[in-house]
Amino acid sequence: MFVKNKTKPWEFQEYHFNWPISSKYEVVEIHNPIPLKDRVHWEGVIPPVDTLKVIRPSRGAKEYNWKPFKKEGAFLFTSLARLGEQFSESEVIGFTRHFGLLGIATHWPELEVYFRDCDPLVFVEREAGQAAKLLNLYQAVQKRNLDCLRDRVQVVLRDTTDGPMADVLIDGQGVYVWPAIKPPVTENIILKAVLFYVCKEINRRLEGRLTIGCAEIVQDEKGFKVLPGMKCESLLTAAYVQFRDMVIRGPVLKRCKYCGALFEPSRENQVCCPRLPIRGTDLLEDKPACANRAYAKKSRKNNPKKKLKEKRS
Ligand SMILES: [Zn+2]
């Protein structure tokens, strides 16, 4: 019998993730989230605010297991990045409904004292923003687009006893553990430094946060096959595993024609964000969510014009 090889490079069939997801989420405000005396301790991690918006499962919401990484998981990182490019509360809820909570609070265990199972919205925003930045940097390297990097990459020359040396800064941050560069700083050096930075950022988020093991036994005509599994400490970790795979495989990213977000195409002629699976089915949406939003915007824009024209004629 002919066995169709279903493995596509953009799918994450080799990994099996499980993640609890709730049927409903809500955004709530926490007043005085961090007592005044503790604020210095959390400087740079939690903004010193009197109220903090957090997103959490609604009371009475059902929790079920999410097993995403067959189709759906492939969109997690790019969806997070899209959220970072056009951040809004409704988009956050939409993202969470689809993928679950990022679980960022667990990255700082002590934070749970304050937030327990809630994940602060501000962290979603920060992480989504960072995902967007990294995806943009990665695309610029792939396309060798130095214009795109001009605003974000800075080369600083300094004199040392060994002569002039160059430091590469990205978004004002040094590219750490980077070998000393002697000027002139070529295009290639800049591109390599950016990619190096992207890899370091991925490593920073993965270090100590996942476990690799065996996940599932499947049987086909040839016999049993054991699939590798990966246990992630949070959804954010899963997203970065995905980004890592993307970077290692080196697919060329595209910009969506509707919303302008970066996405990983599964076909050569794909022009917009991937359609997400409809929950609980193997079916995909008719159109990506951003196409529907773009259509709604366009018709709102066009309708008044139409009326105007009708009046004139
Ligand atoms: Zn889109």
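Coordinate-derived values only; no laboratory data. What you are looking at is a predicted structure, and each value in this text was computed from that prediction instead of being measured. Note that each Cβ is placed from the backbone with ideal geometry, even for glycine, and that neighbours are counted across all protein chains shown.
Near LEU191, once Lys and Arg are set to +1 and Asp and Glu to -1 for all other residues with Cβ below 12 Å from its Cβ, the sum equals +2. Along the stretch 231-246 the Karplus relation, 6.51 cos²θ - 1.76 cosθ + 1.60 evaluated at θ = phi - 60°, assigns HN-Hα couplings of 9, 9, 6, 7, 5, 5, 4, 4, 4, 6, 4, 5, 5, 4, 4, 4 Hz to successive residues, with x for each Gly and Pro. Relative protection proxy for 202-215, 136-149, from highest mean packing down: 136-149, 202-215 (other beta-carbon atoms within 10 angstrom). So what's the net charge close to ILE170: Lys and Arg +1, Asp and Glu -1, counting the other residues with Cβ under 13 Å from its Cβ? It works out to a net charge of +1.
Distance from the alpha carbon centroid of the stretch 205-244 to that of the stretch 142-160 works out to 36 angstrom.
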